Structures are given as C-alpha cells and as structure tokens.
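The values are calculated or read from the model by the stated rules, or taken from the named source; none is laboratory data. In this text, all values refer to a predicted model and were calculated from it rather than measured experimentally. All Cβ positions, glycine included, derive from the backbone under ideal geometry; neighbour counts span all protein chains shown.
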Amino acid sequence: MEKRIINPWQWQEKNGYVQAVEVTQPTATLYCAGQAAIDADGQASTGDMPAQLRQVLGNVEQVIAEAGYQCRDIVRFTVYTTATTELFNCFDLLTAWVARHGIRAAATMVEVKVLAYDSLKVEIEVTAAR
C-alpha cells in the first residue's frame, strides 16, 4: 500500500489533519463504527469532555489493535460532538494523540444535537487502510 498526502495549504497541520489522503493498492481496509465514551460493560460516561475524549481515543485504539491494525493506518476520521466549544477547549488532547501515533488522515468535525446517550459529548469514526 502507498499513501499520498494532498495538502495544498499548511494551516491545517496544527489541527492534526490533512486535506486528502490517496491510498493505492491497499491490502485491507477497516471501516470502524463511531466510538463514544462507553465502557466495556456498555455504560455511557457522564464525565466532562476531556475525560470522554480520552475514553473515546482509547476505544478507537482498542478496536484498531484488535483488528490487527495500528493507529498510524488511520486515513480518515470524523468527529461528532454535541459541544464544539468544549471540544475546542481540550482539542490539544486530540492533536497530541494524532501526533503520537503518526496519523496523517483527512478529517471532518460535525456538531450534532445528540449522540446515542444524552450524556455523551463526542464520538469518533475512523477508517484505516494498510
């Protein structure tokens, strides 16, 4: 597999994403369901945004690893949030996670009215390729 990053501009680099990723000759692609701050027993978090974001990222890592991928294989992610301002206040957690794993992915963020449970504030959906 080969990945080519398309970035006509550089401003998005500080936000931890790229404008496009072209994947040629992948051997496998993994489409993950959105991961929210829900624990192994199915209990939704009632924590604040930083706590929920940490749990979401941990859940993404677990799904990716159990599928036999690495986080650096992520080529696309979508962030859904019910509280954009709260998310921006701890966005450094997300950008640090992206940098730590060497992720170069196209990304989109969308504010939504509600997630699966009323207490949830953030959900992340990823696609990985290798």
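A few points about this structure:
- Residue match in region 93-110 (condition: out of contact with any Leu (no Cβ under 9 Å at 6 or more places or on another chain), free of Cβ contacts under 8 Å to residues at least 60 places away in the same chain and surrounded by 12 or more Cβ atoms within 10 Å (Cβ to Cβ)): yes
- Candidates G58, G16, filtered to the one that is under 15 Å from the mean Cα position of the chain (by Cα) and modelled with pLDDT under 95: G16
- Number of the exception - L120 against (1) within 18 Å of Y31 (Cα to Cα); (2) not in a helix (DSSP H, G or I): (1)
- Residue check, L87 surrounded by 14 or more Cβ atoms within 10 Å (Cβ to Cβ) and within 12 Å of the chain's Cα centre (by Cα): no
- Region 23-47, residues that are more than 18 Å from E125 (Cβ to Cβ) and either surrounded by 18 or more Cβ atoms within 10 Å (Cβ to Cβ) or in contact with an Asp or Glu (Cβ under 8 Å, 6 or more places away or on another chain) (or both): T24, Q25
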